[in-house]
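Bear in mind these aren't lab numbers, they're just calculated from the coordinates by the rules spelled out. Model, not experiment: these values are computed from the prediction. Quick reminder, even Gly has a Cβ in these numbers, built from the backbone with ideal geometry, and neighbours come from all protein chains shown.
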Amino acid sequence: MSSGLTKVELSNLDKILYPELKITKGQIIEYYIKIAPKMLDLLAQRPLVLTRFPDGIDKEGFYEKDAPMGTPRWIKTVKRFSETANRTINYIVCNDLDTLIWIANLASLEIHMTLGQVDSFENPDLILFDIDPEPPASFDDVIDVALLLKEKLLNLGFKSYVKTSGKKGLHIVIPIFPKYSYRQTREFVRFGILQN
């Protein structure tokens, strides 16, 4: 079904994706449209990996790195070799509202972006601290750690931002110039030092 307002062929808009709250796919698409002004700036020029839940959040979803079969030709993609997958992956890049609506129509309830952009893929412009509680730690402990980390980063001269991780914790993100390798940024996350 096309609304005439988007290139996307929308489907199953009444399908319940969050059963406990009775939230439909159509409502998810509406939400993505509402937050698009903020979300698109963050996603722009970044290869994406999606976690899709076509049968709802209470059923098993799947992690999708490659653009799926049937991806419209107008969707921007970029091919990059993945060392972890040991193959070339055709990543989706979301630079516009139609692509974001298409991603929502796939029941992509988690959108994972790379820390490097398309043109500087091997040199991240974001550093990420992933804070997830493991028992007996609680989410309150995650908040305490995040506040301590923010203070430490401020003392080192870094401005940081917090976002939910999509599961049970928080991500602390620091924007940087894309001149360091992933190895160097991982070392910074471990030891707090960036070396040229």
Across the alpha-carbon set of the stretch 5-109, Rg over Rh with Rh taken as the Kirkwood radius works out to 0.97
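Mind putting a number on the dipole of the chain about its Cα centre? Charges go on the C-beta only, +1 for Lys and Arg and -1 for Asp and Glu, and I need it in Debye to the nearest 20. Don't skip to the end; give the middle numbers.
Details: 25 positive and 25 negative charges, 106 e Å.
Roughly 520 debye, rounded to the nearest 20.
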Normalised contact order of the stretch 16-114, rounded percent, pairs of Cα under 8 Å and 6 or more residues apart: 37 percent
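Going highest first, how would you order 106-116, 20-30, 155-165 by mean Cβ packing within 10 Å?
Numbers: 106-116: 19.2, 20-30: 15.5, 155-165: 12.2.
Packing order, densest peptide first, comes out as 106-116, 20-30, 155-165.
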Under the helix-only model (-39500 (n - 2.57) for each DSSP H run of 4 or more, divided by the residues of the chain), the mean residue ellipticity at 222 nm, to 500 deg cm²/dmol, is -9000 deg cm²/dmol
If I take every Cα pair under 8 Å that is 6 or more residues apart in the stretch 126-191, average their sequence separation and divide by the length, what percent do I get for the relative contact order? 42 percent
Classify the stretch 126-191: rounded, prolate or oblate, from the alpha-carbon gyration tensor (a ≥ b ≥ c, eigenvalue square roots; a/c under 1.5 rounded; otherwise prolate if a/b is larger than b/c)? prolate
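Quote the Stokes-Einstein diffusion coefficient, in whole µm² s⁻¹, for the chain, based on the Kirkwood radius over alpha carbon pairs, a temperature of 25 °C and a viscosity of 0.890 mPa s. Could you put the intermediate results ahead of the total?
On the way: Rh = 18.5 Å.
For the chosen part, D equals 133 µm²/s.
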Which aspartates and glutamates have a Cα lying under 14 Å from the Cα of residue 7, excluding residues fewer than 8 positions away in the same chain? 96, 98
Amide H to amide H, which residues 5 or more places from residue 127 or on other chains are under 5 Å from it, using H placed in the peptide plane? 174, 176
Say each of residue 62 and residue 144 gets a label point 7 Å from the Cα, pointing the same way as Cα to Cβ; how far apart are those two points in nm? 4.2 nm
